[in-house]
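Chemist: Sharing a structure, written as structure tokens. Questions coming.
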Ligand code: C5P
């Protein structure tokens, strides 16, 4: 795994944590404030899960899923009106499809295959471009950008994360129950934390923030303070 496509001198702020910890919202807000690029690595795993499902590939067939991971064309297209970034998978706009619980479960299943993670390694490193990158995921601080100068790990109780997800899905008009979401979140946490390769855990040098009782604005302020303390050049 060479680092040839990445630029080691460019600063990276990694934001890892379990689903529903607020990573996506916080990472986007911090990237906007800093004027940095954003890598939503979960969207890449979701896009591969989607591509494999669309191709009718059995998700337990490691070799076939790995071929999908290598071949999938995944493009993040910024919305012209400043709205949600579109995720284009093999030419199809899959922005909404990849956010479903089915796609989340598919992503979590294929993410446990070591060859899939290897296939996506350089693709993720290529997002490291000036003036800086906010990288959101599970193993940004431990594996993909282990040399990042600043690492944050967000947590929240499973109940709070299920409630946040419930609210999001209800707002989209989807019919779900809190109990089902809680069960799904716990199952996904268990799979992500116990897999052999790149399990979900804070990097040794990460600052852990429990967001259970914090507002989005409070978490963003804390992450920015941590980033500024770790990278004094940000103030210059
Ligand atoms: O963050 P998000 O919920 O979109 O990620 C979907 C799934 O992709 C996670 O449950 C996890 O299994 C996998 N993933 C991963 N490594 C990352 C990002 C996501 O294994 N860096």
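The values are calculated or read from the model by the stated rules, or taken from the named source; none is laboratory data. Worth saying up front: this structure is predicted, and the values here are computed from it rather than measured. Neighbour counts run over all protein chains shown; Cβ positions are idealised from the backbone, glycine included.
Chemist: Looking only at the range 13-37, count how many residues are touching a strand residue (DSSP E or B) at 6+ places or on another chain (Cβ under 8 Å) and away from the ligand (no atom under 13 Å from the Cβ).
Modeler: Kept after step one, since they are touching a strand residue (DSSP E or B) at 6+ places or on another chain (Cβ under 8 Å), are these residues of the range 13-37: 13-18, 21-24, 26-28, 30-31, 34, 36-37.
Those left that are additionally away from the ligand (no atom under 13 Å from the Cβ): 13, 30-31, 34, 36-37.
Adding up the residues that qualify gives 6.
Chemist: Something else now. For the range 186-223, which residues satisfy the criterion of being assigned to a helix (DSSP H, G or I) and crowded, with 17+ Cβ neighbours inside 10 Å? Steps first, answer last, please.
Modeler: Let us first name the residues in the range 186-223 that are assigned to a helix (DSSP H, G or I), namely 186-194, 216-223.
Across the range 186-223, the qualifying residues are 188, 189, 192, 219, 220, 222, 223.
Chemist: Another one. How about the range 1-91: which helices (runs of 4 or more DSSP H) wholly inside it have at least 2 residues that are within 16 Å of the chain's Cα centre (by Cα) and surrounded by fewer than 20 Cβ atoms within 10 Å (Cβ to Cβ)? Walk me through how you get there before you give the answer.
Modeler: Working: elements: 23-34, 41-54, 62-71.
Here the list reads 23-34.
Chemist: Which is at pLDDT 95 or above and either away from the ligand (no atom under 14 Å from the Cβ) or not assigned by TED's automatic domain parsing to the domain that holds residue 174 (or both), of 66, 102, 85?
Modeler: Numbers: 102 fails: at pLDDT 95 or above; 85 fails: at pLDDT 95 or above.
That would be 66, the only listed residue that is at pLDDT 95 or above and either away from the ligand (no atom under 14 Å from the Cβ) or not assigned by TED's automatic domain parsing to the domain that holds residue 174 (or both).
Chemist: Within the range 125-170, can you find the residues that are within 28 Å of residue 97 (Cβ to Cβ), surrounded by fewer than 23 Cβ atoms within 10 Å (Cβ to Cβ) and within 13 Å of the ligand (Cβ to nearest atom)?
Modeler: Those that are within 28 Å of residue 97 (Cβ to Cβ), surrounded by fewer than 23 Cβ atoms within 10 Å (Cβ to Cβ) and within 13 Å of the ligand (Cβ to nearest atom): 125, 127, 143, 164, 165, 168.
Chemist: Give just the number: which of (1) away from the ligand (no atom under 13 Å from the Cβ); (2) assigned to a loop (DSSP other than H, G, I, E, B) does residue 95 not satisfy?
Modeler: (1)
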